[in-house]
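The values are calculated or read from the model by the stated rules, or taken from the named source; none is laboratory data. In this text the structure is predicted, and so the values were computed from the model without any measurement. Don't worry about glycine lacking a Cβ; one is built from the backbone with ideal geometry, like all the others, and counts go over all protein chains shown.
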């Protein structure tokens, strides 16, 4: 069974630029999560989708971050404009019967 | 809100030593508890879980018991191997909220 796919794996941008990350969850998984993991910390939830609807985006900085889940499958997370403090690994996860499966993450460096 | 506190690392052990990584939590409902592991260069993987008080999760020689009275879920292994070197995260999901709340992680280094 294929796992959660994410791209790109690495991205380096200048502050104030825009960036987008893509996630393809495991087939059939209705719930999709985006987490932000800053170096030395545990992952923190940004947004949770159930099919193509948002369940929880209370911790998403909506002035610069946006996310969508197309047709309840793939998802895109965007940052516009990026700040230095956005440097982190962005993890996508999908879940089935309560267990979350994580992708390899996208490491973002903002210079 | 919910929170998870883990012992700070790195934890450095010799091969075959006994491992304990402490984890305590704060939650408003009836959480499920998890340990995730992140090997170098790899993604997060579920190591074990427990969904109610007094449950014991186990996998690959690792164990953790859900202690409601002490709000703890300490990870133990009787004899660690070099291949166990990784970062270990304690996490929970609370009643009605399926997203994970993670601790800050504990790096384990096992020396031959």
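A few remarks follow.
- Residues (modelled with pLDDT of 95 or more and either closer than 20 Å to residue B:39 by Cβ or in a helix (DSSP H, G or I) (or both)) located in the range A:71-101: A:84, A:85, A:86, A:88, A:89, A:90, A:91, A:92, A:93
- Flag for residue B:11 being within 13 Å of another protein chain (Cβ to nearest Cβ) and surrounded by 14 or more Cβ atoms within 10 Å (Cβ to Cβ): no
- Boolean, residue A:55 is part of a strand (DSSP E or B) and either in contact with a helix residue (DSSP H, G or I) (Cβ under 7 Å, 6 or more places away or on another chain) or more than 20 Å from residue A:5 (Cα to Cα) (or both): yes
- Residue within the range A:50-67 that is within 14 Å of chain B (Cβ to nearest Cβ) and touching a residue at least 60 places away in the same chain (Cβ under 8 Å) present: no
- Note on the range A:1-19: residues that are exposed (fewer than 15 other Cβ atoms within 10 Å of the Cβ), out of contact with any helix residue (DSSP H, G or I) (no Cβ under 8 Å at 6 or more places or on another chain) and away from chain B (no Cβ under 14 Å) total 7.
Residue by residue, here is whether (1) closer than 23 Å to residue A:97 by Cα; (2) touching a helix residue (DSSP H, G or I) at 6+ places or on another chain (Cβ under 8 Å); (3) within 14 Å of another protein chain (Cβ to nearest Cβ) holds:
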residue	(1), (2), (3)
B:18	no, no, no
B:21	no, no, yes
B:28	yes, no, no
B:33	yes, no, yes
B:37	yes, no, yes
B:49	yes, no, yes
B:52	yes, no, yes
B:56	yes, no, no
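- Taking the listed residues B:69, B:42, B:8, the one that is without any contact (Cβ under 8 Å) to a residue 60 or more places away in the chain and closer than 20 Å to residue A:44 by Cα is B:42, with no other qualifying.
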